1. Once you've got the Cα coordinates, tell me which of Lys70/Lys189; Lys73/Lys175; Lys85/Lys172 are over 25 Å apart.
2. Count the net charge of all other residues whose Cβ sits under 9 Å from the Cβ of Arg83, scoring Lys and Arg as +1 and Asp and Glu as -1.
3. Tell me the label-point distance for the pair Ser130, His158, using the 7 Å Cα-to-Cβ offset, in nm and rounded to one decimal.
4. What does the extension gain come out to for Leu199 and Thr173, with contour length at 0.36 nm per residue minus their alpha carbon separation?
5. Could you work out the per residue convex hull volume over the alpha carbons of segment 64-225, in cubic angstrom?
6. Mind ordering 71-84, 101-114, 182-195 by average Cβ neighbours within 10 Å, highest first?
7. When the Kirkwood radius is taken over all Cα pairs of segment 59-138, what Stokes-Einstein diffusion coefficient follows at 20 °C and 1.002 mPa s, in µm²/s?
8. Which number do you get for Rg(Cα) / (2.2 N^0.38 Å) in segment 115-189?
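Values in this text are rule-based calculations from the coordinates and carry no lab data. As the structure is a prediction and not an experimental result, all values here were calculated from the model. Cβ coordinates were reconstructed from backbone atoms using ideal geometry, including for glycine residues, and neighbour counts include every protein chain displayed.
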Amino acid sequence: MLIRITIKTQSLDSLPIYILQPKKQLQKNPNHREKFTKNPKLLTFLITQNTKMGASESVPQKSIHEFTVKDYKNQDVDLSMYRGKALLVVNVASKCGLTDSNYTQLTDLYNKYKDQGLEILAFPCNQFLSQEPGTSQDAQEFACTRYKAEYPIFQKVHVNGPKTEPVYKFLKTNKSGFLGNRIKWNFTKFLVDKDGHVLARYGPSTTPLAIEVLPPSLLSLCICNLRE
């Protein structure tokens, strides 16, 4: 899939950071930004390459319940155990600028809805500026000690590229983002219904508690459907 995007701007400073992420040197050298504003073809190339890297992959599974993943101790977890639950699936990191707000609110959201059938599945990922550098157990201890997380923290995974965890291929195929299905940053969130189908995808800047009130309130709908 190739999407051509025209951006009218005098500066790349206003562009989302994830567009520039594949070319990290652009962030460090302002002269590189100047080259792109003077040569829009280079900018088009960067955006289209990023989009192609997130191109949709065909997956045979129809439900998240068909997957088995690893927990932080490298033990298999059959996700069919979450059948009948509403799920919020999040790629987390411990050293990101979004870490504190997201982990705090994930705990608040879980405590509010866990008795109504909400489960949060957190997958540590080190693909974004190496902001989850430790082991899977380090990530689990960080979340549980500092943020009192009672929801599961799984094994570190890749969410993009050739080593993408299969469950993330499924999530991305079912709900793409602004520039294709590629995960843009830490704390991208997927809301999954009781039957394992992906209902919605939320970007990193959408906080967990915002999901509760965003219209239409898919989280409330998800929770209500659990009672049927």
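1. Working: Lys70/Lys189 19 Å; Lys73/Lys175 29 Å; Lys85/Lys172 20 Å.
Table pairs above 25 Å Cα-Cα are Lys73/Lys175.
2. Values: positive: Lys85, Lys194; negative: Asp195.
Around Arg83, the charge tally is +1.
3. Roughly 1.7 nm, to one decimal.
4. Working: separation 26, 0.36 × 26 = 9.36 nm, distance 1.21 nm.
Full extension from Leu199 to Thr173 adds 8.1 nm.
5. Numbers: hull volume 16.9 nm³, N = 162.
Considering the Cα atoms of segment 64-225, their hull volume per residue is 105 Å³.
6. Details: 71-84: 13.4, 101-114: 17.9, 182-195: 22.7.
Averaged packing, sorted descending, gives the order 182-195, 101-114, 71-84.
7. Numbers: Rh = 14.1 Å.
It comes out at roughly 152 µm²/s.
8. Working: Rg = 13.2 Å, N = 75, 2.2 N^0.38 = 11.3 Å.
Scaled against compact globular proteins, the figure is 1.16.
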